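See structure below.
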Amino acid sequence: MGADVFWRRAAIDCAKASRRLLVQAMTFEADAAGQSVAEAISASRAHDRRVLVDAFSRVVISDRWVGWPESWLAPELRREAQATRAMFGKLVAGGVPVRVTNPFTPLMANYPARNHKKLIVADDVVYIGGVNFSDHNFAWRDFMLRLEGAEAADFLAGDFQATWNGDPRAAARDLDQLRLISLDGRANTRFFAEVEGLIADARREIVVMSAYLTFPFTAPLAAAARRGVAVTLITPWRNNKPLVRDYLLGFARRHGLGVRLLEDMSHAKGLLIDGETLVVGSCNFDFVGLAAEEELVAVIRSPALIEDFRRRVVDSALAETVEGHSVWPLAATLAGGALKLAELVAKAARGARRTAVDWR
């Protein structure tokens, strides 16, 4: 829990790796956080060291667009973009191959088709979750799931390899009290059906943590609330996507969903059902992820791990929630309309070609 705690532990695993160190992120920037990860990769003695980074990191730095006019008004943004290019160039020069997933097409028509996965495979230890490698991501509330074992590591290393080859594919692996799911951005509706079924089976309580929760995931939550299930949404007020926040607060008010607001940005995502089933990973439970993004998800049924999640993630968040914030009904309605238009764009990108190219 917490990017700094995660990275202190992951850095140890990276240093110990001798066979493979595979690192993947959507955001990977040359600030203090990103440089620390890059340095750990460079210093690793693993035989197979490779990095996958999404093309998103070519155009968005520190949560801002790298391009005219913003970067010309913010010289520090240009400098960080240049430093990021240099960081990856240094990795390649040092013998660490780097590939970029889903390069942008003309007019960025495939912009929604991002590879949203966050993954570290260090020999037979793996991390999945929501933490990207940048200072602003490290500052947000978030967590990663650490798994030990050859079967999980081999499955996720195989997923990394498929992406590396430009041939990502939907896959799942059932382990002890754990189901690992890889979404390829083209057949994600099967994952939604699985989540919808879990929500439909809820008897008592559902807790959802996400900054970006949207339709179609909100509809089954509303249906659960109508049949008497206590549904609680934990989401940040200072959301880096305020349009999503406004939509979600308006939807929750109309459908009787409980909302607990965190004052500062939270990037944590999790779905806890009846204290018995937990869904975590890179998926935000939003329309973009469903329509076009590649994701890694874990469905967990381990009582000990679920209790740990409730105590360290849910309860700690609930202890910090605030009151006094609201949105105008009209703002919520307009936000919902804008997001529906964005959904059309996301769906249009579903069939975009998925590939990976060498960093240049």
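Structure values in brief
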{"read-out": "Selection from the stretch 256-286 of residues that are among the hydrophobic types (A, V, I, L, M, F, W, C), under 24 Å from S326 (Cβ atoms) and either in contact with a His (Cβ under 9 Å, 6 or more places away or on another chain) or outside any loop (DSSP other than H, G, I, E, B) (or both)", "value": "V259, L261, L262, M265"}
{"read-out": "Number of the condition not met by A30 [criteria: (1) buried (at least 23 other Cβ atoms within 10 Å of the Cβ); (2) in contact with a His (Cβ under 9 Å, 6 or more places away or on another chain)]", "value": "(2)"}
{"read-out": "Failed item, numbered, when I61 is tested on (1) under 24 Å from T355 (Cβ atoms); (2) surrounded by fewer than 23 Cβ atoms within 10 Å (Cβ to Cβ); (3) not hydroxyl-bearing (S, T, Y)", "value": "(2)"}
{"read-out": "In the stretch 112-158, the residues that are open to solvent by 10 Å² or more (accessible area, probe 1.4 Å), among the charged types (D, E, K, R) and in contact (Cβ under 8 Å) with a residue 60 or more places away in the chain", "value": "D123, D135, R141, R146"}
{"read-out": "Exclusive hit being acidic (D, E), over 20 Å from L145 (Cβ atoms) and out of contact with any Pro (no Cβ under 7 Å at 6 or more places or on another chain), set E295, E323", "value": "E323"}
{"read-out": "Test for A298: is it open to solvent by less than 10 Å² (accessible area, probe 1.4 Å), in a loop (DSSP other than H, G, I, E, B) and touching a strand residue (DSSP E or B) at 6+ places or on another chain (Cβ under 7 Å)", "value": "no"}
{"read-out": "Residue match in the stretch 46-53 (condition: over 25 Å from the mean Cα position of the chain (by Cα) and touching a residue at least 60 places away in the same chain (Cβ under 8 Å))", "value": "yes"}
{"read-out": "Residue check for P216: outside any strand (DSSP E or B) and open to solvent by 20 Å² or more (accessible area, probe 1.4 Å)", "value": "yes"}
{"read-out": "Filter result (of a type in the set (A, V, I, L, M) and either within 18 Å of T105 (Cβ to Cβ) or not in a helix (DSSP H, G or I) (or both)) within the stretch 314-341", "value": "A319, V322, V327"}
{"read-out": "Residue list for the stretch 12-27, filter: crowded, with 20+ Cβ neighbours inside 10 Å, farther than 22 Å from N115 by Cβ and among the aliphatic types (A, V, I, L, M)", "value": "A17"}
{"read-out": "Hits in the stretch 132-161 (condition: within 17 Å of H116 (Cα to Cα) and either among the aliphatic types (A, V, I, L, M) or touching a Phe, Trp or Tyr at 6+ places or on another chain (Cβ under 9 Å) (or both))", "value": "N132, F133, S134, F138, D142, F143, M144, L145, L156, A157"}
{"read-out": "So I120, is it in a strand (DSSP E or B), in contact with a strand residue (DSSP E or B) (Cβ under 8 Å, 6 or more places away or on another chain) and farther than 19 Å from S44 by Cα", "value": "no"}
{"read-out": "Enumeration of residues in the stretch 54-63 that are without any contact (Cβ under 8 Å) to a residue 60 or more places away in the chain, not in a strand (DSSP E or B) and not small (G, A, S)", "value": "F56, R58, V59"}
{"read-out": "Tally, over the stretch 187-206, of residues that are open to solvent by less than 10 Å² (accessible area, probe 1.4 Å) and farther than 30 Å from A157 by Cβ", "value": "3"}
{"read-out": "Answer from R85, R50, R8 - the residue that is outside any helix (DSSP H, G or I), open to solvent by 20 Å² or more (accessible area, probe 1.4 Å) and at pLDDT 95 or above", "value": "R50"}
{"read-out": "All positions within the stretch 246-294 that are open to solvent by 20 Å² or more (accessible area, probe 1.4 Å) and within 22 Å of P168 (Cα to Cα)", "value": "V288, L290"}
{"read-out": "Test set (1) touching a residue at least 60 places away in the same chain (Cβ under 8 Å); (2) surrounded by 15 or more Cβ atoms within 10 Å (Cβ to Cβ) - N165 fails condition number", "value": "(2)"}
{"read-out": "Criterion: open to solvent by less than 20 Å² (accessible area, probe 1.4 Å), acidic (D, E) and out of contact with any His (no Cβ under 7 Å at 6 or more places or on another chain) - qualifying residue of D184, D174", "value": "D184"}
{"read-out": "Residue list for the stretch 1-38, filter: basic (K, R) and touching a residue at least 24 places away in the same chain (Cβ under 8 Å)", "value": "R9, K16, R19, R20"}
{"read-out": "Hits in the stretch 88-110 - residues which are farther than 16 Å from A356 by Cβ and at pLDDT 95 or above", "value": "G89, K90, A93, G94, G95"}
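The values are calculated or read from the model by the stated rules, or taken from the named source; none is laboratory data. As the structure is a computational prediction, the values presented were derived from the model and not from experiment. A quick note on method: Cβ atoms are made from the backbone with ideal geometry, for glycine too, and the neighbour counts reach across all protein chains shown. Note: accessible area is taken over every heavy atom of the protein model, side chains too, but ligands, DNA and RNA are not part of it. Shrake-Rupley method; radii C 1.70, N 1.55, O 1.52, S 1.80 Å.
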